[in-house]
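The values are calculated or read from the model by the stated rules, or taken from the named source; none is laboratory data. Small disclaimer: the values here were computed from a predicted structure and weren't measured. No Cβ is skipped: glycine too gets one built from the backbone with ideal geometry, and neighbour counts run over all protein chains shown. Note: areas computed on protein heavy atoms with side chains; ligands, DNA, RNA excluded. Shrake-Rupley method; radii C 1.70, N 1.55, O 1.52, S 1.80 Å.
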Amino acid sequence: MKSQNISERPLKVLLLGDYSNCHRTLATGLRALGCDVTVVSDGSIWLDCERDVDISRKPGKIGGIELACRLYFGKIRRLLAGNDIVAIHDPNFVRLRPQLIRPLFDRLVKSNKAVFLTSMSTDIAYLDMLAASDSPLRYSEWFVDGEPSRMYKANPAKWEQWHASVLVKYQRDVLRRIDGAVSVLYEYQLGMERALGAERAVYGGIPIDTPAFEPQALPDNINKVRIFLGRDRNRKLMKGSDLLEAAAKKVVERHPGKAELVIVENRPYREFVELLKDSHLVLDQIYSYTPATTALMAMAYGLNVVSGGEPEYYDFIGEAENRPIINAPTELDPLTDAIERVVLNPCEIAERGRRSREFVVRHNDATVVARRFLDFWTEKLREKGCLT
């Protein structure tokens, strides 16, 4: 495609696919920076996140055929061409088999200036890193201290499914042909750097629309700590939410007058966000080094979170002073102790919440994150001679 001066018109960006409202929120930041953005996704299924164009799939084989026809021959087809930037949320960016996705990916590469991956989920680069003998992570949802995790042991076939030859071949081909990747988590960035090299992979972070999350006024003295556990009922082992539930219930049983637990499963995004804010302590996940979307939204509200908060993550993002995340141990007893300390020290909740809000505004505000994405994308466009 012909090169252009970046100031001639807004960059045309297609965000294809989404998980947990990540691309939808990224679009908010990119639009604030002057980009022309279209979000095409299935809304993360039951989360029903906002999108500009819907590509939901109906159940069964007929649903797959119908979706393929829409993508190959319908009005959506024209959106897959003529963009300055295309960012896919996953190598498997639509809910079709790799054999049917590959021609769509070929079209994206051929018909747009640049195609990038937003690394926000499990893929072969991440799995390769976890399985390596020199893996930099002590634990993950798949391995803990070099041994298969509870999730792996409960369903070893899932690991085999991820390594089916057709899927692996397709994903490796995507990684080879994309112009680069922007990762939303520290862990995914480590995997992308191994797969692509540091010059083709950069960390962006999870975008949060912080103005949309009005900080909640937490009292200095909380009589009863409301503990919130929001989860996908089909991913309890993956996130460790079964252990979070067990630990929280132990704390409530020990201190029934000082704590209560609310569990919310598989709610639409808008409803979930509203439910989230009526709590003091939010339980996110235990196998991550970093806070994910639920934790960051809670922190934007000024709430306390139990999530990934490892020193490696803070060091990676250059945060030496404000470290408000209650780091989640991977075993039940220390996890229980971590939750109990919050309940027994309610006078610390408001201040930790204030620092949590400051953390998200500094590191994960949608425009801050979008700027990281945009800087990397435009650098690669210039390298290709598509921008002058």
### Query
Mind checking which residues of segment 217-254 are open to solvent by 60 Å² or more (accessible area, probe 1.4 Å), within 17 Å of residue 275 (Cα to Cα) and not basic (Lys, Arg)?
217
### Task
Within segment 99-122, identify whether any single residue is of a type in the set (Ser, Thr, Tyr), open to solvent by 10 Å² or more (accessible area, probe 1.4 Å) and either within 18 Å of the chain's Cα centre (by Cα) or closer than 30 Å to residue 329 by Cα (or both), and answer yes or no.
yes
### Query
Which one is farthest from residue 213 (Cα to Cα), of the residues in segment 368-380 that are out of contact with any Phe, Trp or Tyr (no Cβ under 9 Å at 6 or more places or on another chain) and crowded, with 20+ Cβ neighbours inside 10 Å?
374
### Summary
Of the residues in segment 273-314, those that are surrounded by fewer than 24 Cβ atoms within 10 Å (Cβ to Cβ), among the acidic types (Asp, Glu) and part of a loop (DSSP other than H, G, I, E, B) number 2
### Query
If we keep just the residues of segment 315-367 that are part of a loop (DSSP other than H, G, I, E, B) and out of contact with any Phe, Trp or Tyr (no Cβ under 9 Å at 6 or more places or on another chain), which is nearest to residue 283 (Cα to Cα)?
329
### Query
Within segment 188-199, can you find the residues that are open to solvent by 40 Å² or more (accessible area, probe 1.4 Å) and in contact (Cβ under 8 Å) with a residue 60 or more places away in the chain?
194, 195
## Note on the structure
For segment 246-267, pairs from a residue that is in contact (Cβ under 8 Å) with a residue 60 or more places away in the chain to a residue that is of a type in the set (Lys, Arg) and crowded, with 17+ Cβ neighbours inside 10 Å, with Cβ under 9 Å and 6 or more apart or across chains, are 266/231
### Summary
Flagged in segment 255-272 as part of a helix (DSSP H, G or I) and buried (at least 17 other Cβ atoms within 10 Å of the Cβ), in numbering order, are 269, 272
